[in-house]
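S.K.: Have a look at this one before I ask anything.
The values are calculated or read from the model by the stated rules, or taken from the named source; none is laboratory data. Predicted model, so just to flag it, every value in this text is computed and none were measured. In this analysis, Cβ positions are derived from the backbone assuming ideal geometry, glycine residues included, and neighbour counts consider all displayed protein chains. These area figures cover heavy atoms from the full protein model, side chains too; ligands, DNA and RNA do not enter into them. Shrake-Rupley method; radii C 1.70, N 1.55, O 1.52, S 1.80 Å.
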Amino acid sequence: MNSLAKRSAKYFFKEGLKCLGIVIGLELILIIEWIALSYGEESVVDSVFYYFLQVGSILIILMNMLYAFYGPGWYDSIALSMGARRKDIFVGEIIKQLTFVVGNLLFFTAVCVAFGRSEEVNKLFISCIIAIALGPIGLIIGHKVKRFGKIFVFIIAFICAIIGGFVGVTQALSGDAFGLEIFSVIAKTKLFLFAVALVIFVLAEIWVYKLNQKSMVR
């Protein structure tokens, strides 16, 4: 039985790394666009770093919740086909999300330190707290809508892409960080936010555990 639990944990750990790789890959690709948008400015490096960190903070939140939608309808089926038990899947989903969020935290923190912007880690930490809280929420929604299959995830991704595009165009045209400065405000209440996020996470995980026990593979 222990071997099954380990195999399941390894599978979900790898999936967390894959999701982390997607975020890093997207950021590296977008650097080219940001350099073009920042052309002619006094400090191209400062502008690119700003875009890099702000978009990365949003991606951490969106991707953790978005990939959680896949859990009940996709990852669970694969894990069960490998012989995993329901409790292995429950633990595995937590491993996947923690791997993704902590991996992003380490990566972006390293970038901040490399560019001498250690003060920006506070905003990054806020986005990670929010991502952890919303992860099990995504699983709950995934359980509720899994009968619609992957099409639901594609719709959510499409909506997120539209919102992201709108934010990007707004920034490019006006130079304003549309809706993104909220991280600076929230950063002043980190302890309170962490407590709220922890409560949400625990309550949501209890709900996920109950849904997981009754879930049937379609």
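S.K.: Find how much the distance from E42 to L203 grows on full extension, using 0.36 nm per residue of separation minus their present alpha carbon separation; answer in nm with one decimal.
M.R.: Net length gain for the segment: 53.1 nm.
S.K.: Ok, one more. What's the FRET efficiency of R85 with K144 using the Cβ-Cβ distance as r and R₀ = 25 Å, to the nearest 0.05?
M.R.: 0.65
S.K.: Could you tell me which of the pairs K10/K210; K6/K123; K87/K123; K10/K123; K123/K210 are separated by over 26 angstrom between their Cα atoms in the structure shown?
M.R.: From K10/K210; K6/K123; K87/K123; K10/K123; K123/K210, over 26 Å: K6/K123; K87/K123; K10/K123; K123/K210.
S.K.: If I model a spin label at K10 and F192 as a point 7 Å from the Cα along the Cα→Cβ vector, what separation in nanometres do I get?
M.R.: 4.7 nm
S.K.: Here is a follow-up. Could the peptides 130-141, 114-125 be put in order, highest first, of the mean number of other beta-carbon atoms found within 10 Å of their residues?
M.R.: Per-residue Cβ counts within 10 Å, averaged per peptide and sorted highest first, yield 130-141, 114-125.
S.K.: Rounded to a whole number, what % of the accessible area of the stretch 101-141 do carbon and sulfur atoms account for, probe 1.4 Å?
M.R.: On the stretch 101-141, the fraction of accessible area on carbon and sulfur atoms equals 76 percent.
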